[in-house]
């Protein structure tokens, strides 16, 4: 950690999967003090016992954010998971207003690869507009444009192994899938070390096509698991048939469309630049999670 950069180091969404891993990375690097912001502080009593300042804060309730961000510091804003149009952007706007009032000195934000209005992912525009709001604050910032989580492939992989084929609407497109663990390491490093204002593309080491994912699943299964391209409508129907609400199926299927159209075909060395460690490849990630994929974990 740079001696010139002082905390507190504030992590929002601290009870979520990404936020909790970021905090563990901060602790491992000896960062202090750490402030954990969550809508559910009762869930973080173990963190409080470890000396972390746990505070209640809800981006959808601006009245809670003054106390949450009191004292300023370096702030990690983990994007909310609201899928209702416009709600995510409004929540992020509330957080940024409170951050500016609190005198936050640096903002780290978890964005999305190519977050422009033409990106077919349903919430891409919210990320792009949040980035613009961050720039408008005048506060130094690090934008982390996270690609799709490789972790999402565990659910897809389980279904593919069960069905005997990998069905997706991604065409021949590729994506720079990155593990949640690598995103957490990158976010912690940015919070501790980054200065000025930068945009980082947080990706895996290379872009990967569905045929390559299917090849790794075949290796795990010990038999051929082919990739079968399907239409987006067929994918939505299959997801709804498996019990997913239609609006969520629409969002998840938009990931495939974005891959097919090349929006996620990005791979950089930014994770290694931030953390000093290369990100895990999709193949290594899937092989490391063989037990989970095959139902033995």
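Here are the numbers for this structure:
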{"item": "Residue in segment 105-113 that is at pLDDT 95 or above, crowded, with 21+ Cβ neighbours inside 10 Å, part of a loop (DSSP other than H, G, I, E, B) and touching a strand residue (DSSP E or B) at 6+ places or on another chain (Cβ under 9 Å) present", "result": "yes"}
{"item": "Residue check, residue 67 at pLDDT 95 or above, touching a strand residue (DSSP E or B) at 6+ places or on another chain (Cβ under 7 Å) and surrounded by fewer than 19 Cβ atoms within 10 Å (Cβ to Cβ)", "result": "yes"}
{"item": "When residues of segment 8-42 are limited to those that are closer than 21 Å to residue 64 by Cα and more than 21 Å from the chain's Cα centre (by Cα), the one surrounded by the fewest Cβ atoms within 10 Å (Cβ to Cβ)", "result": "42"}
{"item": "Filtered residues of segment 278-296 (kept if part of a helix (DSSP H, G or I) and either more than 20 Å from residue 166 (Cβ to Cβ) or in contact with a strand residue (DSSP E or B) (Cβ under 9 Å, 6 or more places away or on another chain) (or both))", "result": "282, 283"}
{"item": "Every residue from segment 118-156 that is under 28 Å from residue 289 (Cβ atoms), in contact with a strand residue (DSSP E or B) (Cβ under 8 Å, 6 or more places away or on another chain) and in a helix (DSSP H, G or I)", "result": "124, 127, 156"}
{"item": "Residue satisfying all of: in segment 159-179; out of contact with any helix residue (DSSP H, G or I) (no Cβ under 6 Å at 6 or more places or on another chain) and assigned to a helix (DSSP H, G or I); surrounded by the most Cβ atoms within 10 Å (Cβ to Cβ) among these", "result": "159"}
{"item": "Failed criterion for residue 164 (all others in (1) within 23 Å of residue 127 (Cα to Cα); (2) modelled with pLDDT of 95 or more hold)", "result": "(1)"}
{"item": "Residue within segment 204-226 that is under 26 Å from residue 31 (Cβ atoms), in contact (Cβ under 8 Å) with a residue 12 or more places away in the chain, crowded, with 20+ Cβ neighbours inside 10 Å and in contact with a helix residue (DSSP H, G or I) (Cβ under 7 Å, 6 or more places away or on another chain) present", "result": "yes"}
{"item": "Residue that is surrounded by the fewest Cβ atoms within 10 Å (Cβ to Cβ) [pool: residues in segment 93-104 that are part of a helix (DSSP H, G or I) and in contact (Cβ under 8 Å) with a residue 40 or more places away in the chain]", "result": "93"}
{"item": "Filtered residues of segment 130-158 (kept if crowded, with 21+ Cβ neighbours inside 10 Å and within 17 Å of residue 217 (Cα to Cα))", "result": "150, 153, 157"}
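The values are calculated or read from the model by the stated rules, or taken from the named source; none is laboratory data. Just so you know, these numbers come straight off a predicted model, no measurement behind them. Neighbour counts are summed over all protein chains in view; Cβ atoms, including those assigned to glycine, are modelled from backbone coordinates with ideal geometry.
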